[in-house]
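The values are calculated or read from the model by the stated rules, or taken from the named source; none is laboratory data. Treat the numbers as computed from the prediction; the structure is a model and nothing was measured. Ideal geometry is used to build each Cβ from the backbone, glycine not excepted, and the neighbour counts take in all protein chains shown.
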Amino acid sequence: MAIISTAGLARTFQTNSGPVEAVRGVDLTVQPGEILGFLGPNGAGKTTTLRMLTTLLPPTGGAATVAGCDLVRDPAGVRCRAGYVAQSGGIDPTVSVREELVTQGRLYRLTKAEAAARTEELAKDLDLTDLLDRKAGALSGGQRRRLDIAMGLMHRPEVLFLDEPTTGLDPGSRADLWDLVRRLRDEHGTTVFLTTHYLDEADELSDRLVIVDKGVVVAEGTPAALKERYAGSADATLQDAFLAITGRGPAPVDTTPVAV
Amino acid sequence: MSPFLSDTALIFGRYARQTLRSRFQIFFGTLMPLLHLLFFGPLLTDMPLSSQGDSWQVLVPGLLLQLGLFGASFAGFAVIIEKNHGVVERMRVTPVSRLALLLGRVLRDAALFVFQAVLLVLAALVMGLRAPLGGVLIGFAFVALLSVSLASLSYALALKVRTPQEFGPAINALAMPSMLLSGLMLPMTLAPGWLDVLSHLMPFRYQVDAVRDAYTGEYATTTMLHGVLVAVGLAALSVTVGTGVFRRAGA
């Protein structure tokens, strides 16, 4: 059974210059334990979709279930079972790492003791133990991102949504984060739904990719299948496939030999 | 403890700790009313204010509500900063009660402004205020209710606007006329007819008149009844509006 499934999920924003269809009808399914890369050009509707799937934004059309809970009828159920790490993270820089983690656990209705224990456990797991009593604002970019992710994991969610988790990280921190995501899936069976603009990251990390453009799904499949189908060969880069799919670059290379 | 109460206590604790870390935030709010008390209050002592009490019993209730008015209506600044850090969204994806997200914050504000009101009344006692204890306590209750109301509305507005540059002027534009029209500095009974009528459209007018009654020991008056009804009604309305905005916030 799919852990995430959407049918015609849509969101239209009313603006002064008329309605804007940010998401026009997204159909996708994600299997339990899958790492799904959700790609698309800027403005394709990735973040809006994510904000709908995490209950932050009510859809204006379509339906979805996340971890067995209906998005519209049971947002509270979705909130208990899903974790979300936004691009901006959501940490108050003036608060200590420990306080943020414990508070987050309590927001997920853990008891004080459970929240404290889970904080220690995650800190150990994500290499934050020595930083627990520091102010969140004093962390480096990579440490900060690990904290953001720890925040999203406090309640052991079945599904973790990551919005551009490695943007702004140095190569070492990115590699660490990839390991962390794989570990989450391998050790805890967590389903990971992530957006990224780094195609090497999507290629490296995702079991399957869903590419959206102009608010609809325009392609999906394993990285290898997409390369094969849209860029002509499994050895092509995902970049070529992506540009061919979204029409934002040169057309796929014509494979017929040039006539002499 | 029910989830709602523990959520509220959790949010209250988070923001109370934030306030306690900043001595500036704790004391700064008393500055403006304190200056009025020191440099404006003495001007009134021999003036005919057409009220039962002496000038301090007229001025101090106004300054208490001024404290709430200017303090609480700017509470939203903090939420703009939090919104930009993503803190509001991060809390909204958790199962935490939306009412608690608002109430925890506004109860912190109420506690802060009542504390500042206590300091102000102590200073006023030194300046010459004499008022019954019951009346003074009623005054604090009005400060608390006004803080809850205005802080709720302030958070609601802050979640709607995009930048602090829009928020500050908007609040100033609302707070200044509210202060003048509700007769916080001098009672509106001194006003010409049209101004008196206009001031009755201002909810704070009823509250300050009620506190002035309380400071002269008059508790069972229609003015008091109106003040209580307006204060409670405004608080209920504001919390409802604020919670609604936290439920939908930040789209």
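Structure values in brief
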| quantity | calculated |
| --- | --- |
| Residue match in segment A:168-186 (condition: touching a strand residue (DSSP E or B) at 6+ places or on another chain (Cβ under 9 Å), small (Gly, Ala, Ser) and surrounded by 16 or more Cβ atoms within 10 Å (Cβ to Cβ)) | no |
| Some residue of segment A:86-94 being surrounded by 19 or more Cβ atoms within 10 Å (Cβ to Cβ), modelled with pLDDT of 95 or more and either touching a Ser or Thr at 6+ places or on another chain (Cβ under 9 Å) or among the aliphatic types (A, V, I, L, M) (or both) | no |
| Some residue of segment B:135-152 being out of contact with any Leu (no Cβ under 7 Å at 6 or more places or on another chain), of a type outside the set (Asp, Glu) and not in a helix (DSSP H, G or I) | no |
| Top-ranked residue of segment B:79-90 - restricted to ones that are touching a residue at least 60 places away in the same chain (Cβ under 8 Å) and closer than 16 Å to residue A:103 by Cβ, ranked as nearest to the other protein chains (Cβ to nearest Cβ) | B:89 |
| Residue check for residue B:95: surrounded by fewer than 17 Cβ atoms within 10 Å (Cβ to Cβ) and either under 29 Å from residue A:58 (Cα atoms) or under 14 Å from the mean Cα position of the chain (by Cα) (or both) | no |
| 1 or more residues over 29 Å from residue B:42 (Cβ atoms), within 14 Å of chain A (Cβ to nearest Cβ) and small (Gly, Ala, Ser): qualifying helices (runs of 4 or more DSSP H) within segment B:168-251 | B:222-248 |
| Segment B:199-222, residues that are buried (at least 16 other Cβ atoms within 10 Å of the Cβ), more than 18 Å from residue B:72 (Cβ to Cβ), of a type outside the set (Asp, Glu) and without any contact (Cβ under 8 Å) to a residue 40 or more places away in the chain | B:199 |
| Positions within segment B:15-51 being over 21 Å from the mean Cα position of the chain (by Cα) and within 23 Å of residue B:107 (Cβ to Cβ), in sequence order | B:21 |
| Exclusive hit being under 22 Å from residue B:4 (Cα atoms), touching a Phe, Trp or Tyr at 6+ places or on another chain (Cβ under 8 Å), at pLDDT 90 or above and buried (at least 20 other Cβ atoms within 10 Å of the Cβ), set B:242, B:227 | B:242 |
| Candidate set from segment A:82-96 (those that are without any contact (Cβ under 8 Å) to a residue 60 or more places away in the chain and among the polar types (S, T, N, Q)); member that is nearest to the other protein chains (Cβ to nearest Cβ) | A:88 |
| Segment A:148-167, residues that are surrounded by 20 or more Cβ atoms within 10 Å (Cβ to Cβ) and either basic (Lys, Arg) or over 22 Å from residue A:81 (Cβ atoms) (or both) | A:166 |
| Residue ranges of helices (runs of 4 or more DSSP H) in segment B:1-62 with at least 2 members buried (at least 20 other Cβ atoms within 10 Å of the Cβ) | B:3-20, B:31-39 |
| Residue selected from segment B:1-37 under the condition out of contact with any Ser or Thr (no Cβ under 8 Å at 6 or more places or on another chain) and charged (D, E, K, R), by the criterion farthest from the other protein chains (Cβ to nearest Cβ) | B:23 |
| Within segment A:97-114, tally of residues that are more than 10 Å from chain B (Cβ to nearest Cβ) and touching a residue at least 24 places away in the same chain (Cβ under 8 Å) | 4 |
| Residue within segment A:51-65 that is of a type in the set (Gly, Ala, Ser), under 15 Å from the mean Cα position of the chain (by Cα) and surrounded by 16 or more Cβ atoms within 10 Å (Cβ to Cβ) present | no |
| Some residue of segment B:52-70 being polar (S, T, N, Q) and over 24 Å from the mean Cα position of the chain (by Cα) | yes |
| Residues of segment A:1-23 that turn out to be surrounded by 18 or more Cβ atoms within 10 Å (Cβ to Cβ), away from every other protein chain (no Cβ under 14 Å) and assigned to a strand (DSSP E or B), as a count | 4 |
| Residue within segment B:101-108 that is more than 14 Å from every other protein chain (Cβ to nearest Cβ), within 17 Å of residue B:33 (Cβ to Cβ) and in a helix (DSSP H, G or I) present | no |
